[in-house]
Amino acid sequence: MKISRRCLMGLAVFAGLGLAVNASAQAFEPVKPVDFIIMAGKGGGADKMARLMQTIVEKHKMASKPLIPINKPGGSGAEALVHVQNAKDQDHTIMVTLNSFYTTPMRQPGLGVDSMKFAPVARMAEDTFLLWVHKDSGLTSFEQWVDHVKSVGDQWVMGGTGKLQEDQLITDFLNSNFDLKMKYVPYKGGGTVAKQVAGKHINSSVNNPSEIEGFYNAGVAIPLVAFTKERLDKFPNAPTMIEKGQDFAYYMQRSVVGAPGMSADAQAYYTSLFKKVFDSKEWQDYRASKSLYGDFLSGAELQAYWKVNNETHRKMLAKAGAS
Amino acid sequence: MDIIQHLLGGFLIAFEPLNLGLVVVGVTVGLFIGAMPGLGSVNGVAILLPLTFLVPPTSAIIFLAAIYYGAMYGGAISSIMLGIPGASTAVATTFDGRPLALKGLADKALIAAAVASFFGGTISIILFTGFAPALASVALDFGDQEIFALMLLAFATFVGLGGDDIAKTVFSICIGLVFSAVGMDIISGTPRLVFFDIIGFLHGINFLVLAIGVYGIGEMLWTIDSTRGNPMMSKVEVSASRTVSHLKDVLKEWKPAWIGSLLGFFVGILPAAGATPGALMAYGISKMTSKTPENYGKGDVGGVIAPEAANNAASTGAMLPMLTLGIPGSPTTAILLGGMVIWGLVPGPMMFIEQSDFVWGLTASLYAANFFAVIINILFIPVFLYVLKMPFTVLAPIIFVLCLVGGYAPTEDMHDVWLMVIFGFGAYALRKLDYPLAPAVLAIVLGPIAEPALRQSLIISGGDATVFFTRPIAGPITMIAIVLLLLPLVQVYRKKRKQAKNAEV
């Protein structure tokens, strides 16, 4: 069902060009190594995940031509988006994206990037967010935290990755819905933020579990609330924001996209490749150990998911006064 | 003694035939990757990471650590032989390594680099073995304020040095700082200084682009100009007696070796810093404490020893926060960390308890890697020296090609290659006007660490700058930095008084 829908979509796009009319979904094979663009620098969360995907492909010999990881970290993903949008060989250029896939084109309209035009290949996971404090803060519940943060006003420092990106959007949500005045300090990466919490240089963070789990396992960092629809298996004691009466859940997409204008056959090839990666034991283990969410999505379903999230982010940014 | 027992157990793992073989292969591969301009340990580890899935995780990390080590040794080779930093971590090695080679003492510089690397590596592994968990908590105590204070100190060591023209040094630092500010500003979340809206500036200016431009292209232009196209190539002979006498000379230089080892290790531990700033700071402080600072930059063996000891010490240091806190201390350890995650290991405070086989196997193999690296390196010296015997007309095009490769490799963007060529001409012009260029390289390395730390500190404190003086760790560091910055003024004042006195007489 999924495949046929994807084919139809591809045909609709390419019928006018007279391409790929009779080709079957698997007719495409890369003829050279594939550029695998990573929207972040070496060593970050997105990079680790991309390299894991590449490794799985290599280990199980899933593709005849290798994926070549290329980091384009500039401008919160701007560099990667522009590079992929202008890719000369659309059938051999794919990219791993995050939520900056939505926010960066909105914040930097000068780039002329339209995210919705990228070819939807596969959503591999959604990363989750929790609210973390140091165990020495003595705070053990979300209610306690709200009361305390209210009482200290702008002395409470929340750290997060980047400006007006995921972490700050969640911080804005907390500030406006619980009448708080937290100060937000942007850092370069989630690992640094986790370290600032552990070293008590900032008071709280909204790290992804994978970034802070070392400190959680050591009992230093404590999760107070999860920004997910259901409680996470690994953190059963952290209630969700929905339990706290707010209809708010926020995830970070971990998706693979193709260059705009990618042929339908190529898109089908990459979707089936990443489906294999998704189904591999390594990826499933990784998902479980890092508390990742989200099923496999591709084609029109992924496109629809993007549209919803794009609008959500537009509203969040407008609220933050920046779009 | 728990530690000794663990370590012996670790040696049993490290000396398994497979692991020992991987150490030797890794060190050799690393040596050559490090020697290639532009390719450093980051590239080596990233490229070879997928290969390691053929062996068990402990062997895999041993292999990667050996590459990491080998690359630290190898980086010095092209810095000394060609004047192009072989890896980002070896930038400081060019400052004195190249002049030594021009004096016909390339073999001495190479031996100094190898021995210093061994010394720095060994000291830092001993510190690592004995104090890893305790030092991890020190790393945690370093917040933004402390990091900024430390960066201030690093700048101060370059400004506060007598000898160079201070105004010109400050100017050079400022140029480096401006270049380091290009690209995304993480605090405001917007791009800045994207000249002419060229998309390549979005990722900022990679400091290797500047360093290779300055030391590769700029140096080549300088050689052509100063020799009118008929350069005398230095003659280097290799003989056992020469090697032994160099070795004796090198072993006398214990001070820069200690400065490099301890400082490098310490800076390596701090997240966000890593081996490159460590080596630059070691160079600065070693120059400052030297009895003959005026020789630095003109071919002082100490100027090779300090940064080389430091970059190896830092690479071990950087593994400490990676293993104990799950935070990489350098870009290379960030990739290693990614590998560990894929192997199903969870780095963090519990790792020393839950995965003790892995940790101690790695530690023991670091001793082994260090040992083999110094031997392999010294054995290869005659091969490297052969490069210098080539006529300049052959060597120059090779250097030029290596520069282009080195400029392209880190970002894989032609934009950076053009930029590097432009920097090369700029550097040549500045050198003609007698501006020191090392401070610019220092600034482009340290700027991206210092600037966010300063702004983050000030956001947290609400704009109150006294935090740099009142915090227990940041305070003393800031004070020392300020004293060093003021030192030249005092010297100028003294000189004037002396002159005045002389005039009276």
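The values are calculated or read from the model by the stated rules, or taken from the named source; none is laboratory data. Note that the structure is a prediction, hence the values are computed from the model and not measured. Cβ sites come from the backbone with ideal geometry, for glycine too, and all protein chains shown count toward neighbours. For the accessible areas, the whole protein counts, side chains as well, though only heavy atoms, and no ligand, DNA or RNA atoms are used. Shrake-Rupley method; radii C 1.70, N 1.55, O 1.52, S 1.80 Å.
From the set of residues in region A:74-88 that are touching a residue at least 60 places away in the same chain (Cβ under 8 Å) and under 28 Å from A:Val31 (Cα atoms), which is most open to solvent (accessible area, probe 1.4 Å)?
Among those that are touching a residue at least 60 places away in the same chain (Cβ under 8 Å) and under 28 Å from A:Val31 (Cα atoms), it is A:Gln85.
Looking at (1) open to solvent by less than 50 Å² (accessible area, probe 1.4 Å); (2) within 29 Å of B:Leu247 (Cα to Cα), find the lone condition where B:Gly406 falls short.
It is condition (2) that B:Gly406 fails.
Does region B:110-125 contain any residue that is modelled with pLDDT of 85 or more, closer than 24 Å to B:Pro397 by Cβ and either open to solvent by less than 10 Å² (accessible area, probe 1.4 Å) or not β-branched (Val, Ile, Thr) (or both)?
yes
Which of the residues belonging to region A:264-323 are in contact with a Pro (Cβ under 7 Å, 6 or more places away or on another chain) and on the phi > 0 side of the Ramachandran plot?
Hits for region A:264-323 are A:Ser291, A:Gly299.
So how many residues does region B:459-486 have that are of a type in the set (A, V, I, L, M) and at the interface with another protein chain (Cβ under 10 Å from one of its Cβ atoms)?
Summing the residues that are of a type in the set (A, V, I, L, M) and at the interface with another protein chain (Cβ under 10 Å from one of its Cβ atoms) in region B:459-486 gives 2.
State yes or no: is B:Asp225 modelled with pLDDT under 85 and away from chain A (no Cβ under 14 Å)?
Considered against the rule, which asks whether it is modelled with pLDDT under 85 and away from chain A (no Cβ under 14 Å), B:Asp225 comes out as yes.
If A:Leu139 passes every condition in (1) outside any helix (DSSP H, G or I); (2) closer than 30 Å to B:Ile353 by Cα; (3) open to solvent by 40 Å² or more (accessible area, probe 1.4 Å) but one, which one does it miss?
(3)
Considering only residues that are free of Cβ contacts under 8 Å to residues at least 24 places away in the same chain, of a type in the set (Gly, Ala, Ser) and buried (at least 20 other Cβ atoms within 10 Å of the Cβ), look in region B:170-191 and name the one that is farthest from B:Gly297 (Cα to Cα).
My answer is B:Gly189.
Going through B:Gly204, B:Gly189, B:Gly183 one at a time, which residue ends up being closer than 21 Å to A:Thr161 by Cα and within 22 Å of the chain's Cα centre (by Cα)?
B:Gly204
For region A:188-208, name all the residues that are of a type in the set (S, T, N, Q) and either more than 7 Å from chain B (Cβ to nearest Cβ) or open to solvent by less than 30 Å² (accessible area, probe 1.4 Å) (or both).
Residues satisfying the conditions are A:Gln196, A:Asn203, A:Ser204, A:Ser205, A:Asn207, A:Asn208.
For region A:210-222, indicate whether the set of residues that are open to solvent by less than 40 Å² (accessible area, probe 1.4 Å) and part of a strand (DSSP E or B) is non-empty.
For region A:210-222, residues open to solvent by less than 40 Å² (accessible area, probe 1.4 Å) and part of a strand (DSSP E or B): present.
Suppose the filter is modelled with pLDDT under 85, more than 11 Å from every other protein chain (Cβ to nearest Cβ), open to solvent by 10 Å² or more (accessible area, probe 1.4 Å) and in contact with a helix residue (DSSP H, G or I) (Cβ under 8 Å, 6 or more places away or on another chain); does B:Met350 pass it?
no
From the list A:Ala318, A:Ala304, pick out the single residue that is open to solvent by 20 Å² or more (accessible area, probe 1.4 Å), of a type in the set (A, V, I, L, M, F, W, C) and modelled with pLDDT under 95.
The match here is A:Ala318.
Looking at A:Val96, is it open to solvent by less than 10 Å² (accessible area, probe 1.4 Å), out of contact with any Cys (no Cβ under 9 Å at 6 or more places or on another chain) and within 14 Å of another protein chain (Cβ to nearest Cβ)?
yes
Does region B:148-169 contain any residue that is buried (at least 22 other Cβ atoms within 10 Å of the Cβ), within 14 Å of another protein chain (Cβ to nearest Cβ) and in a helix (DSSP H, G or I)?
There is at least one residue in region B:148-169 that is buried (at least 22 other Cβ atoms within 10 Å of the Cβ), within 14 Å of another protein chain (Cβ to nearest Cβ) and in a helix (DSSP H, G or I).
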